[in-house]
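Structure first, commentary second.
The values are calculated or read from the model by the stated rules, or taken from the named source; none is laboratory data. Since the model is a prediction, treat every value here as computed from it, not as a measurement. Cβ coordinates were reconstructed from backbone atoms using ideal geometry, including for glycine residues, and neighbour counts include every protein chain displayed. For the accessible areas, the whole protein counts, side chains as well, though only heavy atoms, and no ligand, DNA or RNA atoms are used. Shrake-Rupley method; radii C 1.70, N 1.55, O 1.52, S 1.80 Å.
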Amino acid sequence: MNTVSADPQLAEPYLLGWLSSLGLDVDYVRAEGNTLYYLGASGEEIPVLDFAGGYGSLILGHNHPRITAYAQQLLASQTPVHAQFSRHPYANDVALALNRILQRELGTEENYSAIFANTGAEAVEAAVKHAELDRGLRLAELRTRLEENLAAARAAVAAGAGVAPEAHRLAGTDTQGQAAGFEALAAAVTSRNAEQTARPPVLLTLEGGFHGKLVGSVQLTHNEGYRTPFAALATPARFLPANSPQALKNVLESERATVLDWVVDDGTVSLVERNSPVFCAFVLEPIQGEGGIRVLSEEFAQEIQRACAEADCPVIVDEVQSGMGRSGDFLASSALGLVGDYYALAKSLGGGIAKTSVMLTRQSRYRSEFELVHSSTFAKDAFSCFISHKVLEILEADDGAAYRTVRERGAKLLGMLEAVRADFPDVVKDVRGRGLMLGLEFHDQSGSGSAAIRDSAPLLGYTVAGYLMREHRIRTFPTASAVNTLRFEPSLYLTDAEIDRLDQALRDTARLLRTHDGAGLTGTATDTDTDTDTGTDTGTATVA
C-alpha cells in the first residue's frame, strides 16, 4: 500500500509505526465522494470506502465538485487570503447565514456574534476565553457596586441609621463584633467578599466528553491519558456524569459563590446575600463523538438549560463534530431543545477543503472587548469564508433537502447496524447515534478463546479497523476514548451499495469474533490457543 523510502521518518514516526502494525499506514493519492484511492503494486488505483469521513469533516464528501470548482475559481481570481485588519464582508456573510439558520432552528430572534478560528479546539477555547472575560467583567462590576453600597451604608450610619442585628449573623461577627461598631462589621464583610470574588473560575463538563487537545481544551476532555500530563497548565474542569440531574444540582450548589451586599432602607442598614459569578461555563457535546457516539438525553439537556440559567452559568455547546447537519438537523442540540449561550462549529464548515471554525456568542452575553484581546493570523481569511458560505448554501438549498437526506440515509445505515447487532448479540453490545454520526460497540473481548483477540482487546477497535481495511477495503476507526466503538460518519451521499458493503464486512468481523478466529481477524498466519467456550483448538501459533 505504501512506497518505501530510504529517508528517515521524522513526521510523527511513532504513530506511523503503530499504524503500520495495524495495516492502516495507507498513502492515499486521490479522493472523491465516500472513496479514497491508493496505488497498487502496478500503479493502479485501488478504492477504499471511507466511513471515517474525516472524523465528521466530510458531510459533503471528499472533493465535492461544486466546492472544488469554487475553490479553483477563488485561487484563479487571486482572491486575497491574508488581508488582516481590514473589512471582511465575506466573514460577515457567513455570520449572517449562520444566524439565519440558528434563529430558524432555535426559534429565536436574538443574534449571535461570530469569532472565527481555524480548528474546533480553538473555537472551544475562544468560547471559554470569552466566557471568562465576561465573568471577569461582571466581577468587576459587582466589586464596584459593593464598594458604592458600602459607602452609602457608612454615610447612613454616620447620619444616625441603625444596623440590623441580622447583619452580624450573616457576616459571622459575634456580639463583640456588634459592640465594636459598624467599621468592624464592614471590615468583616469586605474580607469575606474579597475571598469570594477571588475564587478561581469553575468549569463544568461531562464525563466522556472530548473538546480538544490544546492547553485549555484538553482540561475539558475527560480521557485522562490526554488530560493528566498537562493538568498543571490550565484550570481543571469538574466532570459530571451524563444524564444525572442530581449530580448537576449538587455541584452547582457546592461551587456556588456569594457576597454580602449593603442595603439602606428606612433608616436601617442591613446585608443581603447575592450570587457572585464563579461559574465560567458548562461545556458539552449534544452527541459525544470521541466518547463513544453517545447522545445526550433531551430531559438532561433541558435540565442543564434550566439549572445553568438559574446559576448564571453560560452553556457552551460543542457542535464541532455533531453540527453542520450531521445529525439530521444543522445543530444536534436544537433537537434536544437546548439553546446555547455559545456554539463551536468546525469540521464540515470547511467543506473538506478549508481549515476553519467559528465561535458564536449570544448577543445578550457578547463583550466587544473580546475582539481586542483575541485574534488569529489565519482566522477569518477570505478563502475559508467563501468556502464556508458555499457549504451553507449547499446544505440550505431546496428548503434544507440535505438535512432530510441525512435523516433518511442515517436511518438506513442505523437499521443495518441494528440488524447486525440482532444477529450477533454475543459480539455487538450496542448501536448508537443520530443521522450520519453512528457508533457500533463490541463486547469486551478480553475473555476470548483466541490469544490474538485477547491481546488486542485493549485496542480492539483499531484491530477491527485494520481487518476492515485489509480484507474489505473499508476505512473507519474507533472513537478515541471508547475504543470498542467503531464510528461511522460518511457523507450524505452514502449509497445503498456502500451500506451493503459495510454490512457484509461487519458480519464477517462478527463471525471471526464469535468463533475466536484471531488469525483471521489480525491477518497473522497462526493463533495458538484453546476456545474458552468449547475447549477446541482455534489456531496453531502466536500473534506477530
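Suppose the filter is touching a residue at least 60 places away in the same chain (Cβ under 8 Å), under 31 Å from the mean Cα position of the chain (by Cα) and crowded, with 19+ Cβ neighbours inside 10 Å; does Arg135 pass it?
Details: touching a residue at least 60 places away in the same chain (Cβ under 8 Å): yes; under 31 Å from the mean Cα position of the chain (by Cα): yes; crowded, with 19+ Cβ neighbours inside 10 Å: yes.
Criteria met by Arg135.
Would you mind stating whether Leu252 is assigned to a helix (DSSP H, G or I) and either open to solvent by 70 Å² or more (accessible area, probe 1.4 Å) or touching a helix residue (DSSP H, G or I) at 6+ places or on another chain (Cβ under 6 Å) (or both)? So Leu252 passes the test. Residues in the stretch 165-210 that are at pLDDT below 95, surrounded by 14 or more Cβ atoms within 10 Å (Cβ to Cβ) and of a type in the set (Val, Ile, Thr): Thr173 only.
So is Ser446 in a loop (DSSP other than H, G, I, E, B), open to solvent by less than 70 Å² (accessible area, probe 1.4 Å) and closer than 23 Å to Glu290 by Cβ or not? It is true that Ser446 is in a loop (DSSP other than H, G, I, E, B), open to solvent by less than 70 Å² (accessible area, probe 1.4 Å) and closer than 23 Å to Glu290 by Cβ.
What residue, among those in the stretch 463-499 that are assigned to a helix (DSSP H, G or I) and open to solvent by 10 Å² or more (accessible area, probe 1.4 Å), is nearest to Lys347 (Cα to Cα)? Per the criteria, the residue is Glu498. Residues in the stretch 233-269 that are at pLDDT below 95, in contact with an Asp or Glu (Cβ under 8 Å, 6 or more places away or on another chain) and within 23 Å of Ala151 (Cβ to Cβ): how many? Of the residues in the stretch 233-269, 0 are at pLDDT below 95, in contact with an Asp or Glu (Cβ under 8 Å, 6 or more places away or on another chain) and within 23 Å of Ala151 (Cβ to Cβ). With respect to the conditions (1) at pLDDT 95 or above; (2) in contact with a strand residue (DSSP E or B) (Cβ under 9 Å, 6 or more places away or on another chain); (3) assigned to a loop (DSSP other than H, G, I, E, B), Ala95 falls short on a single one, namely (3).
Can you report the number of residues in the stretch 399-442 which are charged (D, E, K, R) and part of a helix (DSSP H, G or I)?
9
You will find that of Asp455, Asp444, Asp430, the residue that is within 24 Å of Gly17 (Cα to Cα) and among the acidic types (Asp, Glu) is Asp455 and no other.
All conditions in (1) touching a helix residue (DSSP H, G or I) at 6+ places or on another chain (Cβ under 9 Å); (2) open to solvent by 60 Å² or more (accessible area, probe 1.4 Å); (3) on the phi > 0 side of the Ramachandran plot hold for Glu12, with the sole exception of (1). Determine the pairs where a residue that is closer than 24 Å to Ser333 by Cβ, located within the stretch 87-102, has a partner that is polar (S, T, N, Q) and assigned to a helix (DSSP H, G or I) with Cβ atoms under 7 Å apart, the partner being 6 or more residues away or on another chain. Going by the 7 Å Cβ cut-off, the qualifying pairs are Val94/Ser388.
Exactly one residue out of Val431, Val427 is open to solvent by less than 10 Å² (accessible area, probe 1.4 Å) and in contact with a helix residue (DSSP H, G or I) (Cβ under 7 Å, 6 or more places away or on another chain): that is Val427.
Go through the residues of the stretch 36-50 one by one and say whether even a single one is part of a loop (DSSP other than H, G, I, E, B), open to solvent by less than 70 Å² (accessible area, probe 1.4 Å), in contact with a strand residue (DSSP E or B) (Cβ under 6 Å, 6 or more places away or on another chain) and within 24 Å of Gly439 (Cβ to Cβ).
To start, the set of residues in the stretch 36-50 that are part of a loop (DSSP other than H, G, I, E, B) comprises 40-44.
If we keep only those that are open to solvent by less than 70 Å² (accessible area, probe 1.4 Å) too, we end up with 40, 43.
Narrowing the set further to residues that are in contact with a strand residue (DSSP E or B) (Cβ under 6 Å, 6 or more places away or on another chain) leaves 40.
Right, trim to within 24 Å of Gly439 (Cβ to Cβ) and you get none.
No, the conditions are met nowhere in the stretch 36-50.
Evaluate the following for Asp261: is it over 15 Å from the mean Cα position of the chain (by Cα) and open to solvent by 20 Å² or more (accessible area, probe 1.4 Å)?
Answer is no for this residue.
Here the stretch 138-164 is the region considered, the condition is being open to solvent by 50 Å² or more (accessible area, probe 1.4 Å) and either charged (D, E, K, R) or in contact with a Cys (Cβ under 8 Å, 6 or more places away or on another chain) (or both), and the residue that is nearest to Ala198 (Cα to Cα) is Arg143.
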